[in-house]
1. Restricting attention to the stretch 181-211, report how many residues are out of contact with any Leu (no Cβ under 6 Å at 6 or more places or on another chain) and more than 14 Å from the ligand (Cβ to nearest atom).
2. Quick test for you: out of LEU63, LEU86, LEU47, pick the one residue that is in contact (Cβ under 8 Å) with a residue 24 or more places away in the chain, over 24 Å from LEU228 (Cβ atoms), within 16 Å of the ligand (Cβ to nearest atom) and under 16 Å from the mean Cα position of the chain (by Cα).
3. Look through GLU234, GLU214 and report the one residue that is touching a Phe, Trp or Tyr at 6+ places or on another chain (Cβ under 7 Å), away from the ligand (no atom under 14 Å from the Cβ) and closer than 26 Å to SER193 by Cβ.
4. What number goes with the only condition from (1) more than 11 Å from the ligand (Cβ to nearest atom); (2) within 23 Å of ALA100 (Cα to Cα) that VAL30 does not pass?
5. Please specify each residue of the stretch 209-261 satisfying the condition of being closer than 23 Å to ALA26 by Cα, touching a residue at least 24 places away in the same chain (Cβ under 8 Å) and assigned to a loop (DSSP other than H, G, I, E, B).
6. Considering only residues of the stretch 132-151 that are in a loop (DSSP other than H, G, I, E, B) and open to solvent by less than 20 Å² (accessible area, probe 1.4 Å), which is farthest from the ligand (Cβ to nearest atom)?
7. Just to verify a result, which residue in the stretch 50-60, among those that are farther than 17 Å from VAL243 by Cα and near the ligand (Cβ under 10 Å from one of its atoms), is modelled with the lowest pLDDT?
8. For residues that are assigned to a loop (DSSP other than H, G, I, E, B) and either of a type outside the set (A, V, I, L, M) or within 14 Å of the ligand (Cβ to nearest atom) (or both), scanning just the stretch 89-101, find the one that is modelled with the highest pLDDT.
Amino acid sequence: MRLTAIRTPSDVDHAARALFGEPLPATGGVSHVTAVWDDGAGKLYTLKIGEATPKSEADWFALHWSRARADAIVNTGKVLRSEPRLTYGFEGLGGRELDAAPMVAYRRERLGLMEPPRVLILTRGALSLDHPALSRDNRAIVWTTAEAAADMQGEARARGIEVIGSEAPTMRGAVAHLRGLGCRTISIEAGPSTSLSLYDPPTMVDELLLTVYEAPSLPDGVRGGAILSRTDLEARFGPLSFVRVQEPNGPWAFARVNTTP
Ligand SMILES: NC(=O)c1ccc[n+]([C@@H]2O[C@H](COP(=O)([O-])OP(=O)(O)OC[C@H]3O[C@@H](n4cnc5c(N)ncnc54)[C@H](OP(=O)(O)O)[C@@H]3O)[C@@H](O)[C@H]2O)c1
């Protein structure tokens with residue numbers, strides 16, 4: 001996939017269908033988007049994001065397509081600290097290799113979504129409200145403890161960020177809150193230690209957008225926590241059908257599965 005060849009909303013639509021197949025619903029429900037490495041025995045380890053992480057143009061597109069389709073994006077304070085330049089506004093939908101304009105036009109014209117996705121960050125409080133992923137424009141919500149919420153409230157209000165404190169904040173509670181606000185596609189970008197709780201029964205995950213790096217090994221320090229194995233995913237979602245893309249650093253595979261046929 002050449003990102004520079006994506007110039008129009010039709011190009012976006014075509015590229016998404018090429019990776020994720022047909023039919024491709026306009027809404028994804030609670031949609032977990034993740035990039036993992038397969039150890040060869042079907043265990044899937046999250047790729048930690050950093051300098052050494054193997055890159056894939058197709059994966060970059062997949063992540064940004066999931067953002068372009070989302071009513072809300074969920075991440076954690078831990079990820080924001082490890083990616084200090086992460087943004088979610090329209091200007092951040094593209095990124096340097098992928099032109100933002102066709103992604104924004106796709107979002108508006110094809111999906112009728114006129115506002116940027118809303119962003120919710122789960123944290124126990126170690127979060128700088130100056131992080132560029134949090135803004136008035138994306139109607140950011142910080143989902144945190146009651147104590148941290150009390151500490152942040154004044155500063156957050158001045159920045160147009162909503163802070164919601166709970167005695168026992170959880171990923172599941174945060175996602176339920178977004179559902180209650182009417183969000184139809186909630187893209188889960190958080191790491192495995194929090195996103196996996198959404199698979200607990202009763203599952204809250206409606207869709208998985210899965211990228212698998214299929215090279216035989218990973219650079220040091222890139223292997224993160226495991227998600228469900230291939231076998232467990234297939235038991236829940238049915239057979240995984242992959243589209244394979246050869247990148248300069250090796251083979252990558254893409255699949256989309258959901259709980260409703
Ligand atoms: N390849 C991928 O698709 C992908 C996707 C996401 C992340 N990652 C990588 O995965 C790693 C992070 O994943 P992870 O599983 O270690 O962490 P994670 O699930 O993203 O985040 C853990 C953080 O969530 C917050 N949290 C957890 N439980 C909470 C609770 N009950 N109440 C309030 N806040 C709570 C805390 O944030 P605070 O520390 O702010 O309190 C905690 O440190 C990073 O290396 C990242 O690069 C990769």
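The values are calculated or read from the model by the stated rules, or taken from the named source; none is laboratory data. These numbers were taken from a predicted model, which means no experiment stands behind them. Note: ideal-geometry Cβ built from the backbone for every residue, glycine included; neighbour counts use all protein chains shown. Ligands, DNA and RNA are excluded from the accessible area calculation, which covers all protein heavy atoms including side chains. Shrake-Rupley method; radii C 1.70, N 1.55, O 1.52, S 1.80 Å.
1. Count: 10.
2. LEU86
3. Only one candidate passes the filter, namely GLU214.
4. (2)
5. Scanning the stretch 209-261 gives LEU240, SER241, PHE242, THR259, THR260.
6. Within the stretch 132-151, the match that is farthest from the ligand (Cβ to nearest atom) is ASN138.
7. GLY50
8. Per the stated criteria, the residue is ASP99.
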